[in-house]
């Protein structure tokens, strides 16, 4: 009956057909997926061709969660039944898929998207291209701090402008007691929005407000006219780097405004960020810290203490770099 739970026979048929499709694609063949769905529906009339298509996407999700390669054009749908995972793993035990490293799987998926052409990016905001890419890869939108794709963080870039690495509050406050005190001491009036704000971006050279970064082997100090406002312990910076950027793919794109979309140009895969290199880049003026504080009513709104790196210095931060595309 349509709408009821899938039987083991139906699930097994879907998994068998999916694995045959994957094998055919790896051999350079181009099976017509709609024909496969129609054939399955004829054999199992309680299921429509569309339901088999969705089941195939569920199978992609199982394989994705097992860090295994999956069919192109069938982005993962993660709301699958437990039975499906058991059947997939059982069939893989008898007919295993050759394992690939996560970055090799990512290379396959991004190459497929690149060859497919423009990717729609009609959401608002500065992160719209990253969100559109995640959607194209079947990555569910969430607020998780974990890396995006099989342990790999994804970053889209249009140019060599500053790239945000992470947001981190200071390890210690000194002259400024906390972020509220920092705001009270240094906020300025924003005439355009009729509010007080503290938005600035600075490196080792004083900005127009007098903020700059200074380093030792163990910490980074946020300075204002020779006075230490707050500081970051090197181990806290290293923790932030490793939590998100142990493995990162930087996807360089060309964006279009009409219609809102982008195409993939190249992909750089970077591994193992170095805190020693990070500190060196701070001393060289290649790393920036952004304050993003504003007043909303009686509260101070904080969009994060953002650490950013110059686009042409990204490779230098990592011990290993590889061109995926």
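The values are calculated or read from the model by the stated rules, or taken from the named source; none is laboratory data. All values reported here derive from a predicted model rather than from experimental measurement. Neighbour counts are summed over all protein chains in view; Cβ atoms, including those assigned to glycine, are modelled from backbone coordinates with ideal geometry.
The table that follows gives values for the structure above.
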quantity: Strands (runs of 3 or more DSSP E) wholly inside region 176-271 that include at least 1 residues being over 19 Å from residue 282 (Cα atoms) and in contact with a helix residue (DSSP H, G or I) (Cβ under 8 Å, 6 or more places away or on another chain); calculated: 195-202, 247-257
quantity: Selected residue (only one of 79, 58, 67, 38 is farther than 30 Å from residue 246 by Cα and not assigned by TED's automatic domain parsing to the domain that holds residue 246); calculated: 38
quantity: Helices (runs of 4 or more DSSP H) wholly inside region 18-116 that include at least 1 residues being over 26 Å from residue 134 (Cβ atoms); calculated: 33-43, 49-65, 82-94
quantity: Which numbered condition residue 190 misses (of (1) surrounded by fewer than 16 Cβ atoms within 10 Å (Cβ to Cβ); (2) free of Cβ contacts under 8 Å to residues at least 60 places away in the same chain); calculated: (2)
quantity: Residue in region 290-308 that is in a helix (DSSP H, G or I), modelled with pLDDT under 95 and under 20 Å from the mean Cα position of the chain (by Cα) present; calculated: no
quantity: Subset tally (residues that are under 17 Å from the mean Cα position of the chain (by Cα), in contact (Cβ under 8 Å) with a residue 60 or more places away in the chain and closer than 22 Å to residue 13 by Cβ) for region 62-110; calculated: 3
quantity: Test for residue 319: is it in a helix (DSSP H, G or I) and on the phi < 0 side of the Ramachandran plot; calculated: no
quantity: Hits in region 256-270 (condition: surrounded by 14 or more Cβ atoms within 10 Å (Cβ to Cβ) and closer than 14 Å to residue 117 by Cβ); calculated: 261, 262, 263, 264
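Every residue, every condition in (1) surrounded by fewer than 20 Cβ atoms within 10 Å (Cβ to Cβ); (2) over 22 Å from residue 6 (Cα atoms); (3) at pLDDT 95 or above, yes or no:
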position	(1), (2), (3)
77	yes, no, no
82	yes, no, no
96	yes, yes, no
122	yes, yes, no
129	no, yes, no
